[in-house]
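The next block holds one structure in the form of structure tokens; read it before the comments.
FYI, it's all coordinate maths here, none of it is from the lab. Worth saying up front: this structure is predicted, and the values here are computed from it rather than measured.
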């Protein structure tokens with residue numbers, strides 16, 4: 001049997017949801033919905049002495065944390081995400097009795113945790129508004145010709161929490177000039193040039209960027225120089241292929 005790819009090491013026990021059909025190297029049971037990798041080969045939960053644990057899917061942070069606290073034995077369940085090229089957490093395996101105790105604890109303070117979530121959501125929303133305003137102000141400082149509404153739109157798009165966009169990066173949160181300029185360039189590229197149409201027509205990304213680079217720079221130069229007329233009514237020109 002070919003060696004089984006072992007997930008990256010981490011503290012605690014690790015269980016894998018396999019993408020392909022796998023059989024236990026010890027008892028030959030399979031295909032396995034969950035397995036443990038030992039010595040480069042898969043083993044079923046029973047052979048790995050984890051068969052008595054129950055699966056708790058991710059999603060409820062408080063319940064997961066408490067279930068692990070209440071369980072003498074637990075394991076993290078992961079699955080490989082081909083698109084992202086990494087293992088992603090799917091949930092945990094915990095003792096059934098421990099899960100029951102954790103559920104009782106969660107029911108006992110559910111209302112208090114709900115009120116805390118509401119307060120936290122309000123706080124984060126206020127923080128997001130302040131950050132978006134600061135990002136828009138920095139856009140207007142660097143590009144005084146950028147219309148106010150356009151600056152606010154770019155800032156709001158770039159700074160969406162959890163989006164992974166440049167505004168939520170470390171540089172973006174620090175309002176570094178590079179991050180702000182990158183957000184503006186991306187907005188101009190998608191809104192003010194035929195960039196998206198070029199991609200949809202099959203033009204490779206780097207070639208599409210080359211073709212619209214002159215038009216992007218024209219808009220940016222006008223905004224930097226304080227020329228509000230640089231806001232294009234039609235899409236910027238495309239360099240001949």
Can you give the calculated 222 nm mean residue ellipticity of the chain, where each DSSP H run of n ≥ 4 adds -39,500 (n - 2.57) and the sum is split over every residue, rounded to the nearest 500 deg cm²/dmol? -15000 deg cm²/dmol
Restricting the calculation to Cα positions, tell me the Rg (one decimal) and the Dmax (whole number) of region 1-116 in Å. 15.8, 53
Out of these labelled values of semi-axes √(5λ) of the Cα gyration tensor in Å, [x] 31, 19, 16; [y] 50, 27, 12; [z] 29, 23, 17, which was calculated from the coordinates shown here? [y]
Relative contact order [Cα under 8 Å, 6+ residues apart], the chain, whole percent: 12
Which length gain, in nm to one decimal place, applies between residue 101 and residue 133 when the Cα-Cα distance is subtracted from 0.36 nm times their residue separation? 7.0 nm
